[in-house]
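Notes for the one structure printed next.
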Amino acid sequence: MISLTPSRIIALTVASLLFMEQLDGTILATALPSIARSLDVDPVLTSVALTSYIVGLAIFIPASGAVADRLGSRTTLMVAITLFMACSMLCGVAGNLELLAFGRIFQGMGGALMAPVGRLVLLRSVPRSELLGVMMWMMMPATLGPMLGPVIGGVITTLLSWRWAFYVNVPVGFIGLWLTWRYIPQLREDRPPPFDWKGFALAGGSLALLSFGAELVSHATRPLWLSVVLLLAGSVLFVVCYRHMCRYRAPMLDFRLMEVPTFRLSVLGGAASRLAVGAFPFLMPSLLQLSLGLDAARSGLIMLAAPLGAVVARLRVPQLFRRFGFRRVMMVTGGGAAFVFGLLACIRPGWPLWVIPIILFASGIMQAIQFSAYNSIAYADLPETHMSAATSFYSTFQQIMLSAGISVAVLAVTISRLMQGHVEVTGSDFDVGFLVTGALSLFAIPMARCLAPDAGASVSGHRGSSLGKDEGRENVSHALLGTSPDRVSGERAPTPATRE
C-alpha cells in the first residue's frame, strides 16, 4: 500500500491546483462553438477566450516568485485560487464576449501564480533526495487534466451548457483551498529585495506579446501580418528586458542563474523539447482530421493515448533515473522523442488506426520522462536563496517555448504549402511540421551530453555519486552566481525563507 508522506501530500495538493488549471483550458477548447452560438458571435472570434487567458498568464508569471516571497506561499496560493474561482464564475455568467475576455485575463493571473508558487513550495519543503519522486506525484494528477478535458468538456457542453465549463472550477477550487490551508506551509523571505517594477513591465509585456502573437497564428483569427508584428514587437521588448535584467541588482528574471550548468541545461535542453510539445496540440488533431478524415470525437479518443503513456511512464521515473542517471536517460529520450515525431510524419490514409495510438502512447512516455528530468534537475545544484528567482525564470521560459512551438509548427506548415503550391493545407504539409519540430527537438541531445555523468545525483540517487560531490557542486553554483550561501545578489541580502 502506498503511504502518503507529508512531502507527497504537499505534492498532491499542488497537483490539484494544476489539475484545475489545465482542465479549464482543455474543457473550454471544446466549448467554443457553443459559446459562439450562445453569444451570437462569429465562431472565429471566440478564440479570444483562449488568447486572453494566455495574456493574463504571461504577464504575471515572471512576478510569481517575488509575490510569494512577500505574501507567503500559503497566502499567495489561496489568493490565486480565490481569484481563479471568482473569475470562473464571472466567465460563466458573461453575457457578451468582452466580459468573457475580461474575466479570462484575470483568471490567467490566478493561474500564473498557482503553478510556479506550488513548485516553489515543493522545492523549499522537500529534501533534494526525494525531489524526483515527489515531482512525479505532483505531475501525475496534473497529467489527467489535459486527458480528461476534452471528454468532460464534450459531456458538459452537450448535457448542460458551456457555462458549466467554468462553474466546474468552483468545487475543485474549494478542495484546493482546503488542502492549501491544511497542508501548504507559509514560506516567505524575511527581507526580500526591492520589487523590480520596470522588469515586471518589460517581462510581462514582452511575454504577453509573444504568447498572444503565437496564439493568433495557431488559430488564424487575424491577418498574418498582425501576428508577425506582435511577435516582432515582443522579441524587441524582450531584448530590452534582457538588457535591464543584466544590469539590475535584483532583477525580476535573473539571467545569472544560467551560469549553473544543470539549470542551464534544463532551460535550453527543455526549450528544444518544449518546442515539439507546444506544436503537438496544433499538428496532431489537424493531421487526424484533415489528412485521415476523422471527426473530432474519434481524433480526441485516439489522442488520449499520449497522456495515458505519460501516466504509465511516471510510475517508473524515479527508478529509471536512479539506475541510469540524468545524462544517459535524457540523451536516449531526446532521440526517442524526435524519432516518434518522424513516425508521426509517416502516417498516411489507409494506415490501421490501431497503430496510431501506439505511436502516441510512446510519445507520451518520452515526454513524461523528459519533463520529469527537466523539472527535477533544474534545481539540483541551486542554493536555497535562489529558488524563488529560479521558479519564476523557469516558468517564464516554459511559457515562451510552448508558445514558440505553435509558431514554428504553423510557419513550417505554411512554408510547405507555399513551396508545394497547395491552395489549401494538406496532410503532407503537416508532415513537414512534424519533421521540423522533431528535428529541432534533437538539440536536446547535445545539451544533455554536456552534463557530467553524475549530474543531479543529489536528486536522482544515481549510483557512484557521493555527498562530497553534491556539496562541491552546490558550492560551485554559489561561485558561478557570485554569491555565498548567506548572500544573494540584490540591493539587500535576504535571509533564508522562514516557515510559519
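The values are calculated or read from the model by the stated rules, or taken from the named source; none is laboratory data. Everything numeric here is computed off the predicted structure, so don't read it as measured data. Every residue, glycine among them, receives a Cβ derived from its backbone with ideal geometry; neighbour counts consider all protein chains shown. Just so you know, the surface numbers come from the protein's heavy atoms only, side chains and all, with ligands and any DNA or RNA stripped out. Shrake-Rupley method; radii C 1.70, N 1.55, O 1.52, S 1.80 Å.
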If we ask which residues in the stretch 263-294 are open to solvent by 20 Å² or more (accessible area, probe 1.4 Å), part of a helix (DSSP H, G or I) and either among the basic types (Lys, Arg) or on the phi > 0 side of the Ramachandran plot (or both), their number turns out to be 1
Within the stretch 121-134, can one find any residue that is modelled with pLDDT of 75 or more, under 28 Å from residue 72 (Cα atoms) and buried (at least 19 other Cβ atoms within 10 Å of the Cβ)?
yes
When you check residue 203 against the structure, is it surrounded by fewer than 22 Cβ atoms within 10 Å (Cβ to Cβ), at pLDDT 75 or above and part of a helix (DSSP H, G or I), yes or no?
no
Taking residue 491 and the conditions (1) closer than 17 Å to residue 380 by Cα; (2) modelled with pLDDT under 70, which numbered condition does it fall short on, given that it satisfies the others?
(1)
Name, by its number, the condition in (1) of a type outside the set (Lys, Arg); (2) in a loop (DSSP other than H, G, I, E, B); (3) without any contact (Cβ under 8 Å) to a residue 40 or more places away in the chain that does not hold for residue 343.
(2)
A careful count of residues in the stretch 376-408 that are farther than 14 Å from residue 270 by Cα and outside any helix (DSSP H, G or I) gives 4
Conditions first: (1) of a type outside the set (Val, Ile, Thr); (2) within 29 Å of residue 428 (Cα to Cα); (3) assigned to a helix (DSSP H, G or I). Residue 351 passes all but one, so which condition is the exception?
(3)
Does the stretch 160-186 hold any residues that are within 23 Å of the chain's Cα centre (by Cα) and not in a helix (DSSP H, G or I), and which are they?
168, 184
Specify which of the listed residues (182, 188) is open to solvent by 70 Å² or more (accessible area, probe 1.4 Å) and either at positive phi or of a type in the set (D, E, K, R) (or both).
182
Residue by residue through the stretch 167-178, note down the ones that are under 16 Å from residue 23 (Cβ atoms) and open to solvent by 10 Å² or more (accessible area, probe 1.4 Å).
167, 168, 170, 171, 172, 174, 175
Only residues that are within 24 Å of residue 232 (Cα to Cα) and either part of a loop (DSSP other than H, G, I, E, B) or open to solvent by less than 40 Å² (accessible area, probe 1.4 Å) (or both): list them for the stretch 409-442, please.
409, 410, 412, 413, 416, 433, 437, 441
Report, by residue number, each residue of the stretch 303-313 that is part of a helix (DSSP H, G or I) and open to solvent by 20 Å² or more (accessible area, probe 1.4 Å).
303, 307, 308, 311, 312
Does residue 473 fit the bill of being of a type outside the set (S, T, N, Q), farther than 24 Å from residue 211 by Cβ, in contact with an Asp or Glu (Cβ under 6 Å, 6 or more places away or on another chain) and at pLDDT 65 or above?
no
Could you pull out the residue among 314, 328, 323 that is modelled with pLDDT under 80 and out of contact with any Gly (no Cβ under 9 Å at 6 or more places or on another chain)?
314
Wholly within the stretch 32-120, which helices (runs of 4 or more DSSP H) include no fewer than the required count, namely at least 1 residues that are in contact with a Pro (Cβ under 9 Å, 6 or more places away or on another chain) and closer than 30 Å to residue 371 by Cβ?
64-71, 73-93
